[in-house]
1. Return the total of residues in the range 232-249 being in a loop (DSSP other than H, G, I, E, B) and more than 18 Å from residue 301 (Cβ to Cβ).
2. If I filter the range 75-84 for residues that are touching a strand residue (DSSP E or B) at 6+ places or on another chain (Cβ under 6 Å), basic (Lys, Arg), outside any loop (DSSP other than H, G, I, E, B) and crowded, with 19+ Cβ neighbours inside 10 Å, do I get at least one hit?
3. Take the conditions under 24 Å from residue 401 (Cα atoms), away from ligand 2 (no atom under 16 Å from the Cβ) and surrounded by fewer than 16 Cβ atoms within 10 Å (Cβ to Cβ) and apply them to residue 112. Does it pass?
4. If you go through the range 115-164 one residue at a time, how many are over 19 Å from the mean Cα position of the chain (by Cα) and among the small types (Gly, Ala, Ser)?
5. Looking at the range 129-164 only, could you name the residues that are free of Cβ contacts under 8 Å to residues at least 24 places away in the same chain and away from ligand 1 (no atom under 16 Å from the Cβ)?
6. For residue 332, work out the one condition from (1) outside the structural domain of residue 18 (by TED's automatic domain parsing); (2) part of a loop (DSSP other than H, G, I, E, B); (3) of a type in the set (S, T, N, Q) it doesn't fulfil.
7. Taking the condition within 16 Å of ligand 2 (Cβ to nearest atom) and either farther than 26 Å from residue 234 by Cβ or touching a residue at least 40 places away in the same chain (Cβ under 8 Å) (or both), does residue 179 pass?
8. Within the range 166-189, which residues are in a loop (DSSP other than H, G, I, E, B) and either of a type in the set (D, E, K, R) or surrounded by 16 or more Cβ atoms within 10 Å (Cβ to Cβ) (or both)?
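The values are calculated or read from the model by the stated rules, or taken from the named source; none is laboratory data. None of these values were measured; they are calculated from a predicted model. Here the Cβ positions follow ideal geometry from the backbone for every residue, glycine too, while neighbour counts run over all protein chains shown.
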Amino acid sequence: MDVSKVLPFFRLYYKNLNPEDLSIPQLDRREFALWDFLSNNMIRHLAFKNSVELKEGLSKRTPRHVYYSVSTYEYPFLPDMEMKKMISTNLVFDIDIDHVYTPCKEIHDSWLCRNCGNSGSGFTDSCKFCGSPSLDKLSFVCNECLEVAKSEVLKLIEDFLFADFGIKEDEVKIVFSGNRGYHVHVENEEFSNLDSKARNMMIDYIKGITARHYFLDFLKKQKYKFKGIASSGYPSRLAEKILEELLAANEHDLIKIGISEIKVKDLMAIKEKIIQSLQGYSADYGFLRSIGSKSKEIITKAISDISVEIDERVTVDNHRLIRMPNSIHGKTGLRVTPLGYNDLDNFDPFRDSVVFKEGYARIKIKRKLPSIKFFFGDNEFFLGSLNEAKVPIALALYLTLNEYADIYELL
Ligand SMILES: [Zn+2]
Ligand SMILES: [Zn+2]
């Protein structure tokens with residue numbers, strides 16, 4: 001990448017930035033880290049008194065990436081983590097589309113196995129031929145990917161943070177990361193004081209990890225009792241989800257997914273009883289056992305539908321650095337965009353996070369782009385035909401910083 005073609009845009013952005021846009025709670029207690037454009041190094045253990053000083057620092061150094069610590073410290077500028085003396089750690093959740101299955105990945109993602117050399121398209125954690133987890137992945141983030149990420153954010157906030165944990169609307173700050181997803185920050189002192197054990201329990205609950213274990217054990221004839229819709233929280237939502245699937249399915253559908261005709265007939269005979277049980281305070285899931293091997297699939301899908309795929313490392317690691325709101329993401333040129341809960345519905349990351357709107361550039365494609373339509377800024381582009389094309393500067397920067405293309409002429 002020709003840094004001289006992209007750096008001036010970042011420089012201008014930080015020069016014109018309003019310091020107020022950089023205000024975060026307890027800024028002077030945070031460690032800052034900047035990724036230097038030229039040396040490709042992370043400069044850590046920086047501290048700033050306030051957002052005016054931070055703005056000056058950013059416009060002087062013009063970093064490619066800007067991060068701050070989720071923890072606050074007595075001495076954020078000391079290089080030794082112990083000596084910094086941690087005060088507390090904000091509760092932050094990370095939803096990254098890399099960890100979430102989306103149907104569009106079949107079209108725009110591919111993988112190559114480092115073990116056996118086979119390759120394929122779509123989303124997978126291990127080679128479909130030899131099972132090796134050692135894969136080279138090529139992934140693209142399309143409009144649909146970020147729509148899925150957004151719905152995961154809403155599920156996390158509405159079902160878990162608001163309904164189950166009692167966190168208030170004004171204590172939740174959402175940040176579009178500038179690339180593959182969203183960060184959800186909880187600004188509540190009680191939650192900032194949670195230790196890592198409590199955070200791990202939260203993650204387990206949100207991802208449905210123990211719920212999955214219990215249900216799979218139950219299918220193997222373990223004796224567990226589960227709660228139904230009339231209870232609350234996760235068990236109630238799970239019962240509701242299973243009821244929804246059951247009501248939507250007719251005999252024909254059940255046979256089609258592989259349940260035998262006799263078992264379907266038995267199930268239909270007691271359908272009303274099952275519905276009643278699921279609606280109660282304690283639910284009898286015994287019917288799942290009677291339908292055989294398909295029950296594992298049904299329960300796994302229902303659990304994954306109501307759970308949220310968060311990256312646990314971000315929530316548990318108290319030395320974590322996270323992207324600074326209103327900085328520029330150095331791999332996309334998009335603004336790391338802070339949002340309120342009410343903004344999320346109408347937010348379109350590929351439209352509303354675009355910063356550089358003036359001008360065009362001619363680009364040369366150096367890595368194959370997927371053959372898909374891509375809405376970016378205010379236009380639609382066909383990614384397969386962009387070589388040597390004149391495109392808006394924001395798209396040119398997006399593809400250049402992402403290593404898909406090179407800008408060879410600014411227009
Ligand atoms: Zn393989
Ligand atoms: Zn996609």
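1. Within the range 232-249, residues that are in a loop (DSSP other than H, G, I, E, B) and more than 18 Å from residue 301 (Cβ to Cβ) number 1.
2. Yes, some residue in the range 75-84 is touching a strand residue (DSSP E or B) at 6+ places or on another chain (Cβ under 6 Å), basic (Lys, Arg), outside any loop (DSSP other than H, G, I, E, B) and crowded, with 19+ Cβ neighbours inside 10 Å.
3. Considered against the rule, which asks whether it is under 24 Å from residue 401 (Cα atoms), away from ligand 2 (no atom under 16 Å from the Cβ) and surrounded by fewer than 16 Cβ atoms within 10 Å (Cβ to Cβ), residue 112 comes out as yes.
4. Total satisfying the criteria: 9.
5. 147, 151, 158, 162, listed by residue number.
6. Residue 332 satisfies all of (1) outside the structural domain of residue 18 (by TED's automatic domain parsing); (2) part of a loop (DSSP other than H, G, I, E, B); (3) of a type in the set (S, T, N, Q) except (1).
7. yes
8. 167, 168, 177, 178, 179, 180, 187, 188
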